[in-house]
Amino acid sequence: MKKIITAVLFIFISTSVFSAEPLVDVKWLNKNLNNKNVFILDIRNKIDGGSYETFKQAHIPGAVHSDYLKDGWRAKVNGVIGQFPGKKPLEQLVGSLGIDNSKHIIVIYAGVNSTDFGSAARIYWTFKTLGHENVSILNGGFKSWKDAGYKVVAGENSLSPKVFKASINKKYSASYKEVRNAKKETNGICLIDARPNDFFKGVKKHPALKVVGRIPNAVNVEQQKTVGSDGFIKSKAEILKLYDAAQIKDFKGYITYCNTGHWAATVWFALSEVANIPQVRMYDGSWAHWESNPKNKVISG
């Protein structure tokens, strides 16, 4: 009996820590539609012009919808918007959707632009941070599924709540202290500002934030350059060209940030998960957290 319990525990642990490929394509998903361990998570939201109503009109068979903007994937924490909500709230959210630790989650975004891809990248990063490695993004999103001519269905969410247990993995995120100390001459950590160049230069700002500019010592790798106009994230070779152009090879680690940790997730995903560059993390607080301390230095121009 003891041996059986040990074997079952081994299988459970092995399944829960399995690291899936970061991206899957529509052919793979079509072949795995009836795989009981695959969970299709449709996150379409206002960013892409989608909603639960859009989901009800047409979605991939078996998919469950959760609105990226409305359902609690990010939260205001200590007055700072767009933050990781914490272990317990996310365990409750994920479990309520019918996801347990055995599931291979396939994140479905709309597939219309880079900011839309950011929704998928942020949720992918969230699952990784929760200790759930078995997660992938459907490259090209829902649009690529429809364009390929695969079946779509209409109807409501069909939820069967499960128990999801998280174990926070800190290797994907950088603390405020680490960001503050990220200087090449002291620890070789490169800050990467993922925002469009006008934000980086201090010409534009997020409507919910107050201060323009960038964190000292940051370089700019614009998120929109990592995703094609077709909604697909670019290839490893294309992303490595962006990395080379930024002239940041000599650093031993990287921290991405943006306004609220959305665009930063895209650049984190591109560098870490697609280009396989080691030691890339994301500053969840991003500019919203940095500007909350008036003592923090800001650079413009």
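Report yes if residue 90 is in a loop (DSSP other than H, G, I, E, B), at pLDDT 95 or above and under 22 Å from residue 268 (Cβ atoms), otherwise no. First the steps, then the outcome.
Working: in a loop (DSSP other than H, G, I, E, B): no; at pLDDT 95 or above: yes; under 22 Å from residue 268 (Cβ atoms): yes.
Taking the combined requirement at face value, the residue does not satisfy it.
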field: Within region 217-271, tally of residues that are closer than 14 Å to residue 196 by Cβ and among the acidic types (Asp, Glu)
entry: 1
message: Out of 237, 194, 218, 174, I need the residue that is at pLDDT 95 or above and touching a Lys or Arg at 6+ places or on another chain (Cβ under 8 Å). Which one?
response: 174
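A quick yes/no check of all residues on (1) charged (D, E, K, R); (2) outside any loop (DSSP other than H, G, I, E, B):
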{"residue": "238", "(1), (2)": "yes, yes"}
{"residue": "242", "(1), (2)": "no, yes"}
{"residue": "251", "(1), (2)": "no, no"}
{"residue": "259", "(1), (2)": "no, no"}
{"residue": "266", "(1), (2)": "no, yes"}
{"residue": "269", "(1), (2)": "no, yes"}
{"residue": "276", "(1), (2)": "no, no"}
{"residue": "287", "(1), (2)": "no, yes"}
{"residue": "292", "(1), (2)": "no, no"}
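Which ones in region 67-83 are part of a strand (DSSP E or B) and either in contact (Cβ under 8 Å) with a residue 24 or more places away in the chain or of a type in the set (Phe, Trp, Tyr) (or both)? Step through it out loud before you land on a result.
Here is the first cut: in region 67-83, the residues part of a strand (DSSP E or B) are 75-77, 80-83.
Selection gives 80, 81, 82, 83.
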Subset of region 140-171 (residues that are out of contact with any Gly (no Cβ under 7 Å at 6 or more places or on another chain) and buried (at least 22 other Cβ atoms within 10 Å of the Cβ)): 145
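The values are calculated or read from the model by the stated rules, or taken from the named source; none is laboratory data. Predicted model only: the values in this text are computed from it and were never measured. All Cβ positions, even for glycine, are placed from backbone atoms using ideal geometry, and neighbour counts span all protein chains on display.
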